[in-house]
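What follows is a set of notes on a single structure, which appears directly below.
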């Protein structure tokens, strides 16, 4: 089915749309479903559900994300995006696999296959930062399907083409957003004694935040604290009234969250007392960690034993697939796309990220193997 996979992927690649704006993308997916006489439901506007009812109401779900990123593409391919967005995270590949899987299921049923378990396919919008899964997972159209387990995949350019990677337990990280504003007193840069230097204090505050990981948490725990944005001041010789920071925290052990939040807040209080500043602080939980079900992982390994496999280390990237796992057990796995000979070596979210569509067959085969195992 490589020709179908290739067509779907290249068609979708040309119309990338960012979170909750996937109008053309969802229209394309639904048009292909309609052409192949596959019924569907619309969910949260640009989301699409396909439900194949089986003899048993128990449902096995498969999810693919469909949104893109606001990145200007630099691949140079003939089917490149021209609208200023790009499928730089491979969601065009994910959607193509699930859409081809839908056609394959339709074909099997037309040939007389008896569907034992029900199957739900989820074409999900807004994975990139907006948490589209959060809204689908609490929608009646999702939770009334009697879902017993859910599967999802993601492309992985760090692994060679044709390889599957996954692990039991935590595979993707909890993400926490930090929004911080340090308010001091502006002054002329030549007269710092007349102000409260927010630039200097900000530099010390960032250093103090890093001490939480290096001095307050056991080295066996994986925790990352990153400040990725600093905005303060507009000229070289004026101390700004305020400085704003944006940051992120990544971890796998959710039990550490209250401790980390408390330490950050205490550090802020100490700085307020020591330096006379006021610190506005927001600590926002975004995506929970993705925790693969142990039993599903072991089953997945067994039913895909003919596909080359590498057990991966937990990734500090985040995934909104975690919202589904708050409802039902599931498994998240990755398929390799790295191909040095074809120069498919660029990471996700890179304007040059690309892959050979033949890599998608590995994901399709894995979905088919899962289906065949549970449809016995």
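Each reported figure results from applying straightforward, stated rules to the coordinates on display, with no laboratory input. Since we're looking at a predicted model, the values are computed, not measured. Here the Cβ is made from the backbone with ideal geometry for all residues, glycine too, and neighbour counts use every protein chain on show.
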Looking only at Cα atoms, what is the convex hull volume of the range 202-248 per residue, in Å³? 73 Å³
If I fit a long axis through the Cα atoms of helix 23-35 and take the longest principal axis of the Cα atoms of the chain, what angle between them do I get, 0 to 90°, rounded to 10? 10 degrees
Which percent, nearest 5, of DSSP beta bridges in the chain are antiparallel? 65 percent
What's the angle, to the nearest 10 degrees (0 to 90), between helix 257-275's Cα axis and the longest principal axis of the chain? 20 degrees
Which distance in nm do the two modelled labels at residue 31 and residue 144 give, with both placed 7 Å along the Cα-to-Cβ direction? 3.0 nm
Per residue, how much space in cubic angstrom lies within the convex hull of the C-alpha atoms of the range 95-194? 233 Å³
A student asked for the Cα radius of gyration and Dmax of the range 174-285 in angstrom ought to give 15.0, 47
Label the range 279-376 by shape, choosing from rounded, prolate and oblate, from the square roots a ≥ b ≥ c of the eigenvalues of the Cα gyration tensor; if a/c is under 1.5 it is rounded, and otherwise prolate applies when a/b is larger than b/c, oblate when it is not. oblate
Show that you can apply the helix-only estimate: for the chain, add -39,500 (n - 2.57) for every DSSP H stretch of four or more residues, divide by all residues, and state [θ] at 222 nm to the nearest 500. -9500 deg cm²/dmol
Hey, what angle do you get for helix 91-110 against the long axis of the chain, alpha-carbon based, 0 to 90 degrees rounded to 10? 20 degrees
